[in-house]
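Novice: Handing you a structure now.
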Amino acid sequence: MDIKAIREMFPILNQEVNGNPLVYLDSSATSQKPLPVIEAVDEYYRMDNSNVHRGVHTLGTRATDKYEGAREKVRAFINAESTAQVIFTRGTTTSINYVAYGYARQKLQPGDEIVITPMEHHSNIIPWQQAAAATGATLKYIPLQDDGTITLEDVRNTVTENTKIVAITHVSNVLGTINPIKEIADITHDNGGIIVVDGAQSVPHMKVDVVELDCDFYAFSGHKMGAPTGIGVLYGKKELLEETEPVEFGGEMIDFVNLYDSTWKELPWKFEGGTPIIAGAIGLGAAVDFLSDIGMNNIYEHDKRLANYAMEKLNTIENISIYGPNERGALVTFNLDDVHPHDTATVLDSEGIAVRAGHHCAQPLMKWLNVAATARASFYLYNSVEDIDALVDGLLKTKEYFGNVFE
Amino acid sequence: MSLNNLDTLYRQVIMDHYKNPRNRGIVDGDAVSVDMNNPTCGDRIRLQLKVEDGTVIDAKFEGEGCSISMSSASMMTQAVKGKNINDALKMSEVFSDMMLGKDLDSDLDLGDIEALQGVSKFPARIKCATLAWKAMEKGVKEED
């Protein structure tokens, strides 16, 4: 991969922040957007803007073709069998909520179990807490190992014949843990349950094949993979999506509307009530093309190299705690001993380095780690080893700075 | 901005309060207790106020957070102790104005709190500084 050429596709990176070249290490929160995405959205608004699936005029047809064309691009990208299984949503959170409301709440009964893990993002915890409370189902957790991984033995011990739903992240947004989804899906299916996967941190960074993984629902966001904010995807197996009730009712999702009842459109449109996120979907289609041209395997290898390099370099810093397993996705979460992560992030920002500090929408996991907050550096295809060197320099300066003021 | 500019944020007196917090702990006897957190970042404070005849006679805090939130809590407890409720609330207003970067009445004696003036230049950190003050406002209003 030619990082220099790739960086030129991301105009935002070419700027100074607080007098230093921007070093953007917060892609797990949201990625930067490449020119083809920015231009696709720009062109849509300049040339084609119109509502979709209605009217007969030319712009309407163009907008519809682009919107549905984006759906086909996403379908191919995750290897779904049909575009009927690719539902455009607002993002991962909305996608998971659609499953929790439209599927889980119809199906669950007292005595049924929902199984999740302590490493989940709040968006894959709270919808299940709510579904459990509404149906009388029980919420159970697969325990974590000391290194922040889960074992298949623990999965087998936690998932029972009463388990109707296993909801799990593919890649942890804090620990970087990569979960063995295919194996967990097999155990879930052997017990008669379904698996819902949070793919927010995986789809941007690795080749995801929903058929090969045999997952029942798979949720991800566009904005972490170069697309605009406000667009995401829910993939589902067809028979399950047929059984899932729409969550939003109104225009665009109906077949016939009578005075007292109505019928829904077929998949995927029964889930897309109201004017859809047209420009967002078109931007996502452009992002998929952009990533596919570079190659998801190349991106995976690149991100992995950066994560390994970061682990190696950060480990040379004295009095640093690094959280999560050695084998990890494209991020490193850490704390400098005696310096609060907000303070670390402020000093790094003064050097032009953007990292995340806080609880990363994973309060149960913070409790498990026994910390109130952490700092996180996350990487993407436009990051280089020089960015990580800058981070290490920044952290050494942070230590020095706080060492001095503490004198 | 260089590291030197950070000195406007991390003043010596702030780091002193962070390292040696005043009034950390639990109030003896009856007290109003307020738990407050900053949900976006995880900073958390439990503030206890003992109010008698409209005067804050004791204030103590526990919690965890960054240097700005914890030093601000330390300074706030120091500042409101012995003040009547109205003066404490007025001080909180002044503090808010300070965070917004407004010009302050030069006659005001802010004591150590003045050191936090630099926070107004770091918008992402203002919420850290105001957490303890918000807890205090809630506490004295509950007491009222």
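Novice: May I ask you to say which residue of A:Asp198, A:Asp214 is surrounded by fewer than 23 Cβ atoms within 10 Å (Cβ to Cβ) and among the charged types (D, E, K, R)?
Specialist: On inspection, the qualifying residue turns out to be A:Asp214.
Novice: Restricting the first residue to the stretch A:81-102 and requiring it to be free of Cβ contacts under 8 Å to residues at least 12 places away in the same chain, which pairs with a second residue that is assigned to a helix (DSSP H, G or I) and among the hydrophobic types (A, V, I, L, M, F, W, C) meet a Cβ separation below 9 Å and a spacing of at least six or different chains?
Specialist: none
Novice: If a residue has to be modelled with pLDDT of 95 or more, facing chain B (nearest Cβ under 10 Å), on the phi < 0 side of the Ramachandran plot and outside any helix (DSSP H, G or I) to count, how many in the stretch A:329-355 make the cut?
Specialist: Residues flagged as modelled with pLDDT of 95 or more, facing chain B (nearest Cβ under 10 Å), on the phi < 0 side of the Ramachandran plot and outside any helix (DSSP H, G or I) within the stretch A:329-355 amount to 1.
Novice: Tally up the residues in the stretch A:1-44 that are within 23 Å of the chain's Cα centre (by Cα), basic (Lys, Arg) and not in a loop (DSSP other than H, G, I, E, B), please.
Specialist: 1
Novice: Picking from A:Asn79, A:Asn51, which residue would you name as being touching a helix residue (DSSP H, G or I) at 6+ places or on another chain (Cβ under 8 Å), within 19 Å of A:Lys270 (Cα to Cα), surrounded by 14 or more Cβ atoms within 10 Å (Cβ to Cβ) and of a type outside the set (Lys, Arg)?
Specialist: Step by step, each of A:Asn79, A:Asn51 is checked, and only A:Asn51 is touching a helix residue (DSSP H, G or I) at 6+ places or on another chain (Cβ under 8 Å), within 19 Å of A:Lys270 (Cα to Cα), surrounded by 14 or more Cβ atoms within 10 Å (Cβ to Cβ) and of a type outside the set (Lys, Arg).
Novice: Between a residue in the stretch A:15-37 that is farther than 21 Å from A:Ala307 by Cα and any residue that is crowded, with 21+ Cβ neighbours inside 10 Å and polar (S, T, N, Q), which pairs come within a Cβ distance under 8 Å, given they are 6 or more apart or on different chains?
Specialist: Partner pairs satisfying both residue conditions: A:Asn18/A:Ser350.
Novice: Report, by residue number, each residue of the stretch A:54-68 that is loosely packed, with under 14 Cβ neighbours inside 10 Å and assigned to a helix (DSSP H, G or I).
Specialist: The answer is A:Thr58, A:Leu59, A:Asp65.
Novice: Note down all Cβ pairs under 8 Å where the first residue falls in the stretch B:71-94 and is without any contact (Cβ under 8 Å) to a residue 40 or more places away in the chain, the second is surrounded by fewer than 17 Cβ atoms within 10 Å (Cβ to Cβ) and assigned to a helix (DSSP H, G or I), and they're at least six residues apart or on different chains.
Specialist: As it stands, the answer is B:Ala79/B:Gly111, since those pairs meet every condition given.
Novice: Could I ask something else about it? Looking at the structure I just gave you, is A:Leu396 more than 21 Å from A:Val174 (Cβ to Cβ) and either within 11 Å of chain B (Cβ to nearest Cβ) or modelled with pLDDT of 95 or more (or both)?
Specialist: Criteria met by A:Leu396.
Novice: Still on this model: Can you confirm whether the stretch A:363-385 contains a residue that is part of a loop (DSSP other than H, G, I, E, B), under 30 Å from A:Ile142 (Cα atoms), among the small types (Gly, Ala, Ser) and at the interface with another protein chain (Cβ under 10 Å from one of its Cβ atoms)?
Specialist: yes
Novice: Can you find even one residue in the stretch A:244-266 that is crowded, with 18+ Cβ neighbours inside 10 Å and not in a loop (DSSP other than H, G, I, E, B)?
Specialist: Checked against the condition, which is being crowded, with 18+ Cβ neighbours inside 10 Å and not in a loop (DSSP other than H, G, I, E, B), the stretch A:244-266 yields no hits at all.
The values are calculated or read from the model by the stated rules, or taken from the named source; none is laboratory data. Not measured: the values here are computed from a predicted model. Heads up, the Cβs are rebuilt from the backbone with ideal geometry, glycines too, and the neighbour counts pull from every protein chain shown.
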